[in-house]
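Engineer: Sharing a structure with you now.
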Amino acid sequence: MNAGLYLHIPFCLSKCDYCDFYSLCANDDTMDAYLAALKKALRFWGSQSADTFDTVYVGGGTPSVFGAGRLTETLDLVRRSFRLTTDAQITVECNPSSVTKELADALSVAGVNRVSLGLQSAVAAERAALGRRSTVRQAETALTLFRNAGIDDLSLDLMLGIPGQTPQSLRESLRFLEGTGVQHVSAYLLKLEETTPLFARRATLSLPDEDTVCDLYLQAANALEQTGLRQYEISNFAVPGFESRHNLHYWLCEPYLGIGPAAHSFLGGRRFYYPRDLRSFLQSDAPVFDCIGGDKAEFCMLRLRLTRGLSDAAFYARFGEHLPKEMFTAAKAFARHGLLTADGDTIALTKNGFLVSNGVIGKLISTL
Amino acid sequence: MDFNYEVSRSLAACEGAVLIIDASQGIEAQTLANTYLALDHNLELVPVINKIDLPAADPDRVAAEVEDVIGLDCSVAPRVSAKTGENVEQVLERIVEDIPAPEANDDAPLRALIFDSIYDNYKGVIVYVRVMEGTLKAGETMRMMATGAEFTVVEVGYMRAQSMEPCDVLSAGEVGYITASIKTVRDAKVGDTVTKVQRPASEPLPGYRKVNPMVFCGIYPADGADYEALRDALEKLQLNDASLSYEPETSGALGFGFRCGFLGLLHLEIIQERLEREYLLDLVTTVPSVIYKIHLRDGSVVEVDNPTHYPDPADIDFAEEPITNAHIYAPADYVGAIMDLCQDRRGVFKDMTYITKERVDIHYELPLNEIIYDFFDVLKSRTRGYASFDYEMAGYQRSNLQKLDVLLNGDMIDALSFIIHNDKAMARARRIAERLKETIPRQMFEIPIQIAIGSKVIARETVRAMRKDVLAKCYGGDITRKKKLLEKQKEGKKRMRQFGTVEVPQEAFMAVLKLDENT
């Protein structure tokens, strides 16, 4: 089984109001120090790991803030240290406002073949509500720059449930997405994380109510599918063949190695992570053990996030036993209410099922 | 009310009684009820005014009230605080002064009245007796006159405040205890007469009337695995409380449990609390029921204490329900509120008397099934705690009854069925539907709640389906947390009862029980 490699770049120009990922504002000295620590970790893991990697994903933070030079150096070292498949999918997350021609060309030369851009909304007021800096124009420009540089596997992020968002304003964003011709869209519901500025001012926000949010989700999912982007996970849509293979490692319960502060790994059956602390990573502290991963519950929980669903055949291949009958009995009750489909082999949630996936998946895995 | 019988049997073993009156509350319903019981037994009463330490205490007023209403001389009544111990020695003085010594004949054949018994793990049953005639000592063989059971006396003695004190011989006029390796309290029936095998008495003492449970409910373990523990606990409680009855019962909704009978609602609450506190059991209790007498068309009569066994309405000629004589004592200001409440509970006003200028005794006939839910709670809240309440059974009356069933998602939940008067069925059905809607959390799909009489639905609510739960991203760093979250969700579900496809929290049963009208 091939593995995925994740590199975390914990830097941003400024922090978005809703974001709780680990990232900091930093100067060149700090970034140089970080590059050194990252390289040290890459060499270490490269010497340790016997796995073959078929994806590399550089996320953040805002990797584009790290700069073309450091990214190139990092990716070169990855190639030298790890065994990558020839068709490895190498993705870098970028913020449209920090994309330049120089960056696009450099990434292309460094072997990057996929870029994921944060946009969240085509409506200026909604982006302002989220504290996003970049503009629609910048996103269009960034896409063009990457395509010109030869990177045409592109993904955009869309956010649902933004303060002030309505079906009409969402239609505007969806129309924009369609116009860009990207092959991949991640559409996440806004979640107010407790540590964020958005959470602090939640009382003043005109957040769409639960029913509206559900309607927005269904509207986005249906519209994206109509333009040829098939839903493959709760929040992810792609032209077939353009799925995020890296993220699929997570959802298929396959191994991955994460390097950088707050990056998690699942390797050799163990889950571990680097502490959410830049200084700790700079002084090369070892990652912290989390738990033994990949048990039946985890496997089912993750697979059920996918539209392809959980199949008895895959479960059998992994664990040498069949899914319990009780799970199919429980599934039938949900199927009657249109929350999933279940044949003798596969249980797959529907769009309405995804909306209540915590309850549905929780119930299904309780039969294990 | 519930424990009249217990008070009465203790009084039968005495020459006198101490009547304790609250220095702030004055005469309450129980004060009078117990006074009457004592007078029935020709006891000498020693009035004592207690709680003089309370800021609201008014011993002079209360003394005057006792002289007025009961006609007891309170000029020498001790005024005490049991809490601080103030003047308590005066009570002992008055007992010695005022209560006559027993008339006793040591030479007659033994007749000792059993007024209570408890179970001790080491000694077996300890029998509490009042020796009326004759004597008893260790080594003698005694006989229970009602059951005929015979035992060799191991020990006799007196009850002290903190301990048991053995003695050589229990003589006529004395109150004491007997141990005789008796295995179960059923062999030492309260009210039975103890005599000796050698020179037995010819006639037993009058004894007590047998008490029958009046209020019934199903008690189920919240976790089915605790069934055995519940049975053990009930068995132990029954050892010391012969008035508690229980038998196994099965409910489609709740699984295995017990149908339990109680003297009244207070008794029920005490038992339920003891099961939960002393035996650490988590329980689900069904709606309490009284015994209805259902006259069938074929001329037979069935007694129904469990709504599940209510006959097919087509077979019923008429039904009868138990009625009580209820007295409510309260400050006159609350008469209006109390009468509203009694009227609402289908009460029939009998009369009202002024005990003093400020306090009244309101007498109503109330159906027992109207007071077993929450009558006392509501009464207290409407009178700011000033009213007291007492009732006695007053036979059966014809009544127009209905059985209400609760259906969730089309499935009947037998444990929620109950019997109710026709006039109240509609309002109650609506209220229950509303309360269930409030207590049943939204689930993955819509849940219709229906309240039905037979096949006719008379109230309906719907718990809307949950459309969305926490829907979050799940990348490499979220997996462990996410899994824990889903597993915690599973833990939470354990406190829910699964009925078909519907999950019902335990509170739902309580919600149906306590339909406080003020909320």
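Engineer: Mind listing whichever residues of segment A:213-239 are charged (D, E, K, R) and either within 11 Å of chain B (Cβ to nearest Cβ) or under 13 Å from A:Leu189 (Cβ atoms) (or both)? Let's see the steps before the verdict.
Structural biologist: To start, the set of residues in segment A:213-239 that are charged (D, E, K, R) comprises A:215, A:225, A:230, A:233.
Residues satisfying the conditions are A:Asp215, A:Glu233.
Engineer: Which ones in segment A:336-348 are buried (at least 17 other Cβ atoms within 10 Å of the Cβ), more than 11 Å from every other protein chain (Cβ to nearest Cβ) and either among the aliphatic types (A, V, I, L, M) or assigned to a loop (DSSP other than H, G, I, E, B) (or both)? Even if it seems obvious, please write down each step before you answer.
Structural biologist: Kept after step one, since they are buried (at least 17 other Cβ atoms within 10 Å of the Cβ), are these residues of segment A:336-348: A:337, A:339-340, A:342, A:346-348.
Narrowing the set further to residues that are more than 11 Å from every other protein chain (Cβ to nearest Cβ) leaves A:342, A:346-348.
Matches in segment A:336-348: A:Ala342, A:Ile347, A:Ala348.
Engineer: Sticking with this structure for a sec: Anything in segment A:73-91 that is within 20 Å of the chain's Cα centre (by Cα) and outside any strand (DSSP E or B)? List them, or say none.
Structural biologist: Within segment A:73-91, A:Leu75 is the sole residue that qualifies.
Engineer: If you don't mind, another one. Report, by residue number, each residue of segment A:155-187 that is surrounded by fewer than 20 Cβ atoms within 10 Å (Cβ to Cβ) and not polar (S, T, N, Q).
Structural biologist: Across segment A:155-187, the qualifying residues are A:Asp157, A:Pro163, A:Gly164, A:Pro167, A:Arg171, A:Glu172, A:Arg175, A:Phe176, A:Glu178, A:Gly179, A:Gly181.
Engineer: Answer yes if at least one residue in segment A:187-205 is outside any helix (DSSP H, G or I), assigned by TED's automatic domain parsing to the domain that holds A:Leu71, among the acidic types (Asp, Glu) and modelled with pLDDT of 95 or more, and no otherwise. So that I can check it myself, show each step before the final result.
Structural biologist: Of segment A:187-205, the ones outside any helix (DSSP H, G or I) are A:187-196, A:201, A:205.
Next, from what is left, pick out any that are assigned by TED's automatic domain parsing to the domain that holds A:Leu71: A:187-196, A:201, A:205.
From what is left, the residues that are among the acidic types (Asp, Glu) are A:193-194.
So of that shortlist, the ones also modelled with pLDDT of 95 or more come out as none.
Within segment A:187-205, none of the residues are outside any helix (DSSP H, G or I), assigned by TED's automatic domain parsing to the domain that holds A:Leu71, among the acidic types (Asp, Glu) and modelled with pLDDT of 95 or more.
Engineer: Okay, moving on. If A:Leu364 meets every condition in (1) more than 8 Å from every other protein chain (Cβ to nearest Cβ); (2) over 27 Å from the mean Cα position of the chain (by Cα); (3) assigned to a helix (DSSP H, G or I); (4) within 30 Å of A:Glu225 (Cβ to Cβ) apart from one, which number is that one?
Structural biologist: (2)
Engineer: Strands (runs of 3 or more DSSP E) wholly in segment B:412-519 with at least 2 residues that are farther than 26 Å from B:Gly347 by Cα and either at pLDDT below 85 or within 10 Å of chain A (Cβ to nearest Cβ) (or both) - which ones? Before the answer, list the steps.
Structural biologist: Numbers: elements: B:418-421, B:447-453, B:456-463, B:496-499, B:502-505.
Answer list for segment B:412-519: B:496-499, B:502-505.
Engineer: Inspect all residues belonging to segment B:459-469 and state whether any of them is without any contact (Cβ under 8 Å) to a residue 40 or more places away in the chain and closer than 30 Å to A:Phe266 by Cα. Full working, then the answer.
Structural biologist: To start, the set of residues in segment B:459-469 that are without any contact (Cβ under 8 Å) to a residue 40 or more places away in the chain comprises B:459-469.
Checking which are closer than 30 Å to A:Phe266 by Cα leaves us with B:468-469.
Yes, segment B:459-469 has at least one match.
Engineer: Now a separate question. Could you grab me the full set of residues in segment B:285-325 that are surrounded by fewer than 20 Cβ atoms within 10 Å (Cβ to Cβ) and of a type in the set (Phe, Trp, Tyr)?
Structural biologist: Hit for segment B:285-325 is B:Phe318, nothing else.
Engineer: Separate question: Of the conditions (1) farther than 30 Å from B:Gly255 by Cα; (2) in contact with a Lys or Arg (Cβ under 8 Å, 6 or more places away or on another chain); (3) crowded, with 20+ Cβ neighbours inside 10 Å, B:Cys342 fails just one. Which one is it?
Structural biologist: B:Cys342 satisfies all of (1) farther than 30 Å from B:Gly255 by Cα; (2) in contact with a Lys or Arg (Cβ under 8 Å, 6 or more places away or on another chain); (3) crowded, with 20+ Cβ neighbours inside 10 Å except (2).
Engineer: Quick one: which of A:Tyr316, A:Tyr256 is free of Cβ contacts under 8 Å to residues at least 24 places away in the same chain and not assigned by TED's automatic domain parsing to the domain that holds A:Glu210? Reasoning before the result, please.
Structural biologist: Values: A:Tyr256 fails: free of Cβ contacts under 8 Å to residues at least 24 places away in the same chain.
None of the others qualify; the one that does is A:Tyr316.
Engineer: Oh, and also: Restricting to segment B:192-233, count the residues that are under 20 Å from the mean Cα position of the chain (by Cα), over 26 Å from B:Glu278 (Cα atoms) and either not basic (Lys, Arg) or not in a loop (DSSP other than H, G, I, E, B) (or both).
Structural biologist: 1
Engineer: Let me ask something additional. Hand me the list of strands (runs of 3 or more DSSP E) wholly inside segment B:307-378 holding 2 or more residues that are of a type in the set (Asp, Glu).
Structural biologist: Details: elements: B:316-331, B:348-354, B:359-367.
Of the strands (runs of 3 or more DSSP E) lying wholly inside segment B:307-378, those with at least 2 residues that are of a type in the set (Asp, Glu) span B:316-331, B:359-367.
Engineer: Give segment A:37-72 a look and list any residue that's part of a loop (DSSP other than H, G, I, E, B) and crowded, with 22+ Cβ neighbours inside 10 Å, or say none.
Structural biologist: At the first step, the residues of segment A:37-72 found to be part of a loop (DSSP other than H, G, I, E, B) are A:49-51, A:61-62, A:67.
Matches in segment A:37-72: A:Gly61, A:Thr62.
Engineer: While we're on this one: Go through segment B:242-273 and give me each residue that's in a loop (DSSP other than H, G, I, E, B) and closer than 20 Å to B:Val290 by Cα. Working first, answer last.
Structural biologist: Looking only at segment B:242-273, we keep the residues that are in a loop (DSSP other than H, G, I, E, B), and these are B:242-244, B:252-254, B:263-264.
Passing the criteria: B:Ala242, B:Ser243, B:Leu244, B:Leu263, B:Gly264.
Engineer: Can you give me the ranges of the strands (runs of 3 or more DSSP E) entirely in segment B:12-127 with at least 3 residues that are under 30 Å from B:Arg199 (Cα atoms)?
Structural biologist: Details: elements: B:16-22, B:44-50, B:111-120.
Where strands (runs of 3 or more DSSP E) fall fully within segment B:12-127 and carry at least 3 residues being under 30 Å from B:Arg199 (Cα atoms), they are B:111-120.
Engineer: Still on this model: Can you tell me which residue among A:Phe299, A:Phe242 is more than 10 Å from every other protein chain (Cβ to nearest Cβ), modelled with pLDDT of 95 or more, surrounded by 15 or more Cβ atoms within 10 Å (Cβ to Cβ) and closer than 30 Å to A:Ile151 by Cβ? Steps first, please.
Structural biologist: Working: A:Phe299 fails: closer than 30 Å to A:Ile151 by Cβ.
Sole residue among the options that is more than 10 Å from every other protein chain (Cβ to nearest Cβ), modelled with pLDDT of 95 or more, surrounded by 15 or more Cβ atoms within 10 Å (Cβ to Cβ) and closer than 30 Å to A:Ile151 by Cβ: A:Phe242.
Engineer: If I filter segment A:323-330 for residues that are assigned to a helix (DSSP H, G or I) and more than 14 Å from every other protein chain (Cβ to nearest Cβ), do I get at least one hit?
Structural biologist: Taking segment A:323-330 first, the residues assigned to a helix (DSSP H, G or I) are A:325-330.
When the remaining residues are screened for being more than 14 Å from every other protein chain (Cβ to nearest Cβ), the result is A:325, A:328.
There is at least one residue in segment A:323-330 that is assigned to a helix (DSSP H, G or I) and more than 14 Å from every other protein chain (Cβ to nearest Cβ).
Engineer: Looking at segment A:349-361 only, could you name the residues that are at the interface with chain B (Cβ under 9 Å from one of its Cβ atoms) and within 15 Å of A:Ala330 (Cβ to Cβ)? Walk me through how you get there before you give the answer.
Structural biologist: Here is the first cut: in segment A:349-361, the residues at the interface with chain B (Cβ under 9 Å from one of its Cβ atoms) are A:352-361.
Those that are at the interface with chain B (Cβ under 9 Å from one of its Cβ atoms) and within 15 Å of A:Ala330 (Cβ to Cβ): A:Gly353, A:Val356, A:Ser357, A:Asn358, A:Gly359, A:Val360, A:Ile361.
Engineer: While we're on this one: Here is a check on your reading of the model: is B:Phe216 free of Cβ contacts under 8 Å to residues at least 40 places away in the same chain, touching a Ser or Thr at 6+ places or on another chain (Cβ under 8 Å) and more than 19 Å from B:Ser8 (Cβ to Cβ)? So that I can check it myself, show each step before the final result.
Structural biologist: Details: free of Cβ contacts under 8 Å to residues at least 40 places away in the same chain: no; touching a Ser or Thr at 6+ places or on another chain (Cβ under 8 Å): yes; more than 19 Å from B:Ser8 (Cβ to Cβ): yes.
For B:Phe216, the condition - free of Cβ contacts under 8 Å to residues at least 40 places away in the same chain, touching a Ser or Thr at 6+ places or on another chain (Cβ under 8 Å) and more than 19 Å from B:Ser8 (Cβ to Cβ) - is not met.
Engineer: Also: Is there any pair linking a residue in segment A:150-166 that is over 26 Å from A:Gly111 (Cα atoms) to one that is part of a strand (DSSP E or B) and of a type in the set (Phe, Trp, Tyr), with Cβ under 7 Å and at least six apart or on different chains, and which?
Structural biologist: Final answer for the pair search is A:Met159/A:Tyr188; A:Leu160/A:Tyr188.
Engineer: Ok, one more. Please work out which residue is nearest to A:Val115 (Cα to Cα), limiting yourself to segment A:245-296 and to residues that are more than 10 Å from chain B (Cβ to nearest Cβ) and part of a helix (DSSP H, G or I).
Structural biologist: Top of the filtered list is A:Arg245.
Engineer: Among the residues of segment B:164-172, are any small (Gly, Ala, Ser), assigned to a strand (DSSP E or B) and in contact with a strand residue (DSSP E or B) (Cβ under 8 Å, 6 or more places away or on another chain)?
Structural biologist: The initial filter retains those residues of segment B:164-172 that are small (Gly, Ala, Ser), namely B:171-172.
Subsequent filtering for residues that are assigned to a strand (DSSP E or B) retains B:171.
Cutting the leftovers down to in contact with a strand residue (DSSP E or B) (Cβ under 8 Å, 6 or more places away or on another chain) gives us B:171.
Within segment B:164-172, one or more residues are small (Gly, Ala, Ser), assigned to a strand (DSSP E or B) and in contact with a strand residue (DSSP E or B) (Cβ under 8 Å, 6 or more places away or on another chain).
The values are calculated or read from the model by the stated rules, or taken from the named source; none is laboratory data. Here the structure is a predicted model, which is why all the values come from computation and not from measurement. Every residue, glycine as well, gets a Cβ built from its backbone with ideal geometry; the counts of neighbours run over all protein chains shown.
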